[in-house]
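First up is the structure itself, then whatever we jot down about it.
The values are calculated or read from the model by the stated rules, or taken from the named source; none is laboratory data. Note that this is a predicted model, so its numbers are computed, not measured. Backbone-built Cβ (ideal geometry, glycine too); neighbour counts: all protein chains shown. Heavy atoms of the whole protein, side chains included, go into the accessibility calculation; ligands, DNA and RNA do not. Shrake-Rupley method; radii C 1.70, N 1.55, O 1.52, S 1.80 Å.
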Amino acid sequence: MYIIANAIKNIGRNKGRNTLMAIIVFAIILTTAVSIIINTTTSAIIADYKSRFGAEVSIETNFEMLQSKNVAEGYKKLTPQQQIDFGRSDLLQSVNLLATIDISPRKLSSLSESEMDNFISNFLSGAIRADGTKNPETVPIKGRIIAMDNLEADRDFKNGTRKIIGGEMYNNLNECIVSQQYAELNNLSVGDTIEVDSYFKNDPMTHSLTITGIYMDNTMLGSNLESISSMENRNNEILTGFDTAISMEMFTGEGRVSAQYFLKDPTLLSAYEKELREKGLADYYNVVTDEAGYKKVVGPVEGLAKVTNTFLIVVLILGSMVLILLSTLAIRERKYEIGVLRAMGMKKGKVAFGLLTEMLVITVLCLMLGLGVGLAVSQPVADNLLSNQIELAAESNNSNGGLSTTGRTGIGAPTFSSDAKPLSELQVSLSGDAITQIIFISLVLAGISSIAGIMYITKYEPIKILSERN
Amino acid sequence: MSLLTIENVSYKYSSTTKNVLKKVSAEFKSGKVHVIMGKSGSGKTTLLSLISGLDNCTDGAINFDGNPLSKIDRDKYRAESIGVIFQGYNLLTNATAVENIVLSMCISKTKEKNKKKVAYMLLEKVGINKETADRKVLKLSGGEQQRVGIARALSHNPDIIIADEPTGNLDTDTEENILSILTSLAHNEGKCVIIVTHSKKVASVADEVWGMKDGNLTLVK
């Protein structure tokens, strides 16, 4: 007990030396704490992106394989049914399916109708296709039926661009909702039944839908509605259930499906691909995750993690060297004290324990201060880091132009998570693991600082130390 | 019976070939004041270092209470059985005088409950008042440091008190006081007191006087 008391008194007795030692230890601990917190933060970001990018799967056409004539001749587009079947897997956490059908309701008007529609229709009617067949005769496309199997994945309703303002969302087969603009144009209200027709001129297919709700639609806000076709005007979209869409006769011919598959775990990719091949997915389709997008967004974070790791190692090595140098110099000053204590009969172990206790007390004080300051600065550091990531994600989206990547499943297929909203906030706190690491490093530093003294004690007899002094 | 016996002790420093001590033999008894005199460099301080257990002899043996020092725990021997008054004081200079005494008592595991009070009493005995006792050793004069060294040597009530020029830096009055304490410890409390000195005044209070010359020790008185 007296050794601890004497060690604590000794700290005050040698203020200059111990203050210098404390400043260095504090600097090392603070740098270590901040580095570990940055590492924790970057690890969290990386883990988050890894799970999002790695978990979302897409089916892409391998255009290189299609350059071979044999493959090109046997090429078949993925059918909507195949895409639906691919979503039925135990390896998937969730599936988002989106069905789209171009329509031309003959008894209803559409917004942004113009001569351009007729021009496009005439241009496409009867045109010769790549396989030598002729396009059917058509009338202008005046709108679309959009059907989602998972309403929670609908970003327009999620972010408030669209909102039900009358009636309710469709729940049953053959129910739909229309935009406020479309309803006003056609004098429609909740409970009315509308007939939608395919755009074939000679044998149109017709389907009846009951309106259960009217939605406010701000998706076209800011667009020049006079310069677009009715097909492009999203106010013309009739929203219905996925089951309703695929049960329509017109879907069989011209309906399209796009799909998002989310794996339960990113590591299940190869197992899922194997399953799809067994279900008949052709070799000229690749089952992929958005690796490029992942690298684009997460690459800088991984780079930052490497930099902080390197920084941590450099700080620890240089800091340890400085501590060893300082403690060696300090021990030259203290060897007389060690000699006196040994001459008084204090055992080597107790002298060493006293030196270690002194350093431990200094280290613990620096540790508490370092943890406090480290915790205080960690949040701004994390915020800064996160805002950089958000900017990076935004840049990534802009480079995509918000359009889907060519080759994904179906037209209008949703893009990968690279256009998903990145983490908007990250609450940084000192985790138990981080504290343990910092304490461990601090104890090692205390050990390193005391090692010169301990080696000195074990090396010399007291008479030698005292005679050198005398 | 002799408390401390020296049997044919020789010693040479590792850097030299010449023996500083040459087959020295002596017996030091409890209850007596032993004085060792001799010229500078004759080997007196080296002999004290060996007796103090601070160093090992090259040849021969030093026995404490019948046990060779080479076989016993010398840290414990230094802490409990002997009290050394060094010529160079060897005090903790950043600590106060009283802290030096208390620390010595702690190391020797003295059972006194109020060690600080005992330390003040001991310092008072050697002429150090409370105010001086609370000052850092570094700020004390040579004579005051000498007296703190004496108080420290007595603090754990050792069987043997070894003093290397204990009165070298003291005025006449204090010198007489210290000599009186040392002789009293020997004659009244049965301690074995060994003093190395050049002073004839110190030699005059001795029960035995030994002469050291060129590494040889002989009984003079």
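A compact table of results
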quantity	calculated
Strands (runs of 3 or more DSSP E) contained in segment A:90-196 and holding at least 2 residues modelled with pLDDT under 95, closer than 30 Å to A:S270 by Cβ and out of contact with any Gly (no Cβ under 9 Å at 6 or more places or on another chain)	A:92-103
Exclusive hit being assigned by TED's automatic domain parsing to the domain that holds A:G319, at pLDDT 75 or above and either surrounded by fewer than 16 Cβ atoms within 10 Å (Cβ to Cβ) or of a type in the set (G, A, S) (or both), set A:A420, A:A446, A:A452, A:A413	A:A446
Of residues in segment A:323-334 being under 30 Å from B:H156 (Cα atoms) and away from chain B (no Cβ under 13 Å), the one surrounded by the most Cβ atoms within 10 Å (Cβ to Cβ)	A:I331
Set B:I82, B:I62: member being of a type in the set (A, V, I, L, M) and more than 19 Å from B:Q146 (Cβ to Cβ)	B:I62
Residues (within 12 Å of another protein chain (Cβ to nearest Cβ) and either small (G, A, S) or touching a strand residue (DSSP E or B) at 6+ places or on another chain (Cβ under 7 Å) (or both)) located in segment A:1-31	A:A5, A:A7, A:G12, A:G16
Options A:A47, A:A7; residue that is within 30 Å of B:M105 (Cβ to Cβ), in the same structural domain as A:L430 (by TED's automatic domain parsing) and small (G, A, S)	A:A7
Among the candidates A:L355, A:L375, A:L369, residue that is surrounded by fewer than 22 Cβ atoms within 10 Å (Cβ to Cβ), more than 13 Å from chain B (Cβ to nearest Cβ) and either at pLDDT 85 or above or touching a strand residue (DSSP E or B) at 6+ places or on another chain (Cβ under 8 Å) (or both)	A:L369
Enumeration of residues in segment B:117-147 that are open to solvent by less than 70 Å² (accessible area, probe 1.4 Å), hydrophobic (A, V, I, L, M, F, W, C) and away from chain A (no Cβ under 12 Å)	B:V118, B:A119, B:L122, B:L123, B:V126, B:I128, B:A133, B:L140
Condition check for A:L385: at pLDDT below 75, open to solvent by less than 20 Å² (accessible area, probe 1.4 Å) and either under 20 Å from the mean Cα position of the chain (by Cα) or away from chain B (no Cβ under 14 Å) (or both)	yes
Matching residues in segment A:197-216 - criterion: being crowded, with 16+ Cβ neighbours inside 10 Å and part of a loop (DSSP other than H, G, I, E, B)	A:S198, A:Y199, A:P204, A:M205
Failed item in (1) in contact with a helix residue (DSSP H, G or I) (Cβ under 8 Å, 6 or more places away or on another chain); (2) open to solvent by 50 Å² or more (accessible area, probe 1.4 Å); (3) farther than 27 Å from A:S68 by Cβ; (4) modelled with pLDDT of 85 or more, with A:T219 passing the rest	(2)
Residues within segment A:152-166 that are open to solvent by less than 70 Å² (accessible area, probe 1.4 Å) and either on the phi < 0 side of the Ramachandran plot or outside the structural domain of A:Y199 (by TED's automatic domain parsing) (or both), tallied	8
B:L47 being surrounded by 19 or more Cβ atoms within 10 Å (Cβ to Cβ) and within 12 Å of chain A (Cβ to nearest Cβ)	no
Pick from segment B:93-116, criterion assigned to a loop (DSSP other than H, G, I, E, B) and open to solvent by 20 Å² or more (accessible area, probe 1.4 Å), ranking: nearest to the other protein chains (Cβ to nearest Cβ)	B:N94
Per-region count, segment A:335-351, residues open to solvent by 20 Å² or more (accessible area, probe 1.4 Å) and over 14 Å from B:Y89 (Cα atoms)	5
Hits in segment B:53-77 (condition: open to solvent by less than 10 Å² (accessible area, probe 1.4 Å) and facing chain A (nearest Cβ under 8 Å))	B:L54, B:Y77
Counted residues, segment B:38-53 - those being at pLDDT below 90 and either out of contact with any strand residue (DSSP E or B) (no Cβ under 8 Å at 6 or more places or on another chain) or β-branched (V, I, T) (or both)	5
Residue among B:I150, B:I195 that is assigned to a helix (DSSP H, G or I) and hydrophobic (A, V, I, L, M, F, W, C)	B:I150
Selection status of A:I24, part of a helix (DSSP H, G or I), in contact (Cβ under 8 Å) with a residue 60 or more places away in the chain and open to solvent by 40 Å² or more (accessible area, probe 1.4 Å)	no
